[in-house]
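Novice: Before I ask anything, let me first share the structure, which is written out below as structure tokens.
Every read-out reported here was derived from the displayed coordinates using simple, explicitly stated rules and does not represent laboratory data. Because the structure is a prediction, the values reported are computed rather than measured.
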């Protein structure tokens, strides 16, 4: 996904959290974020490749919860679906569904 598009989607979600105190849960489908497709939120853990050091330093390791917005391919399939058309490195996952 182009960086500009990713920033726009994440900013939209951040506004929902900030303006409406909206919270997202593992497996939640979001149908009004990407035109024509659902997106899904997944929860995951920190890894050596994904370590939010500043957040951990500020809030403590046990206060940090990682979530990822997962988008479908052009056919509406997600990385865990059979036939998903994008390469795994296009959207590395922090957890599986």
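Novice: Taking only Cα atoms, what is the 0 to 90° angle, nearest 10, from helix 3-20's long axis to the longest principal axis of the chain?
Specialist: The answer is roughly 60 degrees.
Novice: Same structure, new question: Between 54, 33, 86, find the one with the highest GNM mean-square fluctuation for the chain; connect C-alpha pairs within less than 10 Å.
Specialist: Result for the chain, Cα springs under 10 Å: 54 fluctuates most.
Novice: Relative contact order for the chain: what percent, with Cα pairs under 8 Å and sequence separation of 6 or more? The partial results should precede the final answer.
Specialist: Numbers: 99 pairs, mean separation 22.9, N = 97.
Worked out over the chain, it gives 24 percent.
Novice: Let me ask another. Report the Cα centroid-to-centroid distance between the range 20-34 and the range 51-70 in angstrom, as an integer.
Specialist: 19 Å
Novice: Compute a Gaussian network model of the chain, connecting alpha carbons closer than 10 Å, and tell me which residue from 14, 39, 55 fluctuates the most.
Specialist: 55
Novice: From the C-alpha gyration tensor of the range 3-74, pull out the three semi-axes of the equivalent ellipsoid (sqrt of 5λ each), sorted largest to smallest, in whole Å.
Specialist: Numbers: eigenvalues 108, 42, 30 Å².
Semi-axes, largest first: 23, 14, 12 Å.
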